[in-house]
Amino acid sequence: MALRGQRALAALRLWGLGVSGIPAGKLVEAHGTFASATCIVCRRSFPGEDCWAEVMADRVPCCPVCTGVVKPDIVFFGEPMPQRFLLHVADFPMADLLLILGTSLEVEPFASLSEAVRSSVPRLLINRELVGPFAWRPRSRDVAQLGDVVHSVEKLVDLLGWTEELQDLVQRETRK
């Protein structure tokens, strides 16, 4: 997004589920991704679309090489987090601002990441309700914008002067 005046927001990294329009190098898909899939036997990789097509046709995706099950590269309960998650946990102590959007902050290890920033770092929660430490142990610099997440993000974007850039991004991603 273009910078206006002295206002700038540089994202070190964005954590969460796959988000359209976010460069892959800036996104940590903490719960994995449907963009790729892996055979659970021979570990060969496949495009996620192939796996998704099989699942949507009510078939179990199978590896054409070893006939093992091909699983989307998502994290199921009890499975280890992706390497990229572990590699970038070090981002949090370096953050100057933490934005948290649309979450229950109940599932670990993701839930505790809001506590991983320094205590002096402002944390902005955009959510329907107060959750996690925002509800039971708020910090003095915490801000909570409660209500509809999309409306709240649009309001923030407007305050930052980025409405035109957001509309352009939405149009580009909608055409894909």
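Identify all residues within region 87-105 that are part of a helix (DSSP H, G or I), open to solvent by 20 Å² or more (accessible area, probe 1.4 Å) and under 19 Å from ARG141 (Cβ atoms); write none if there are none. Scanning region 87-105 gives PRO93, MET94. The number of residues in region 70-86 being surrounded by 14 or more Cβ atoms within 10 Å (Cβ to Cβ) and more than 14 Å from the chain's Cα centre (by Cα) comes to 4. Of the residues in region 134-157, at least one is in a helix (DSSP H, G or I), touching a strand residue (DSSP E or B) at 6+ places or on another chain (Cβ under 9 Å), closer than 26 Å to PHE85 by Cα and not aliphatic (A, V, I, L, M).
For region 118-155, the tally of residues that are closer than 19 Å to ALA95 by Cα, over 18 Å from the mean Cα position of the chain (by Cα) and of a type outside the set (S, T, N, Q) stands at 11. Taken together, the residues in region 84-133 that are farther than 24 Å from GLY147 by Cβ and of a type in the set (Phe, Trp, Tyr) amount to 2. Of the residues that sit in region 132-154 and are farther than 21 Å from ASP96 by Cα and of a type outside the set (Gly, Ala, Ser), which one is most open to solvent (accessible area, probe 1.4 Å)? The extreme case among them is TRP136. Evaluation of GLU108 against the conditions (1) loosely packed, with under 11 Cβ neighbours inside 10 Å; (2) touching a helix residue (DSSP H, G or I) at 6+ places or on another chain (Cβ under 7 Å) shows that the sole unmet condition is (2). Among the residues of region 153-173, those that are under 24 Å from ASN127 (Cα atoms) and not aliphatic (A, V, I, L, M) comprise GLU154, LYS155, ASP158, GLY161, TRP162, THR163, GLU164, GLU165, GLN167, GLU173.
Here is a yes/no grid of residues against (1) in contact with a His (Cβ under 9 Å, 6 or more places away or on another chain); (2) open to solvent by 80 Å² or more (accessible area, probe 1.4 Å); (3) of a type in the set (D, E, K, R); (4) at pLDDT 90 or above:
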site: ALA2; (1), (2), (3), (4): no, no, no, no
site: GLY5; (1), (2), (3), (4): no, no, no, no
site: ALA8; (1), (2), (3), (4): no, no, no, no
site: ALA11; (1), (2), (3), (4): no, no, no, no
site: LYS26; (1), (2), (3), (4): no, yes, yes, no
site: ALA30; (1), (2), (3), (4): no, no, no, no
site: ARG43; (1), (2), (3), (4): no, yes, yes, yes
site: GLU49; (1), (2), (3), (4): no, yes, yes, no
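The values are calculated or read from the model by the stated rules, or taken from the named source; none is laboratory data. Predicted model, so just to flag it, every value in this text is computed and none were measured. Every residue, glycine among them, receives a Cβ derived from its backbone with ideal geometry; neighbour counts consider all protein chains shown. Areas reflect the complete protein model, heavy atoms only, side chains present, ligands, DNA and RNA absent. Shrake-Rupley method; radii C 1.70, N 1.55, O 1.52, S 1.80 Å.
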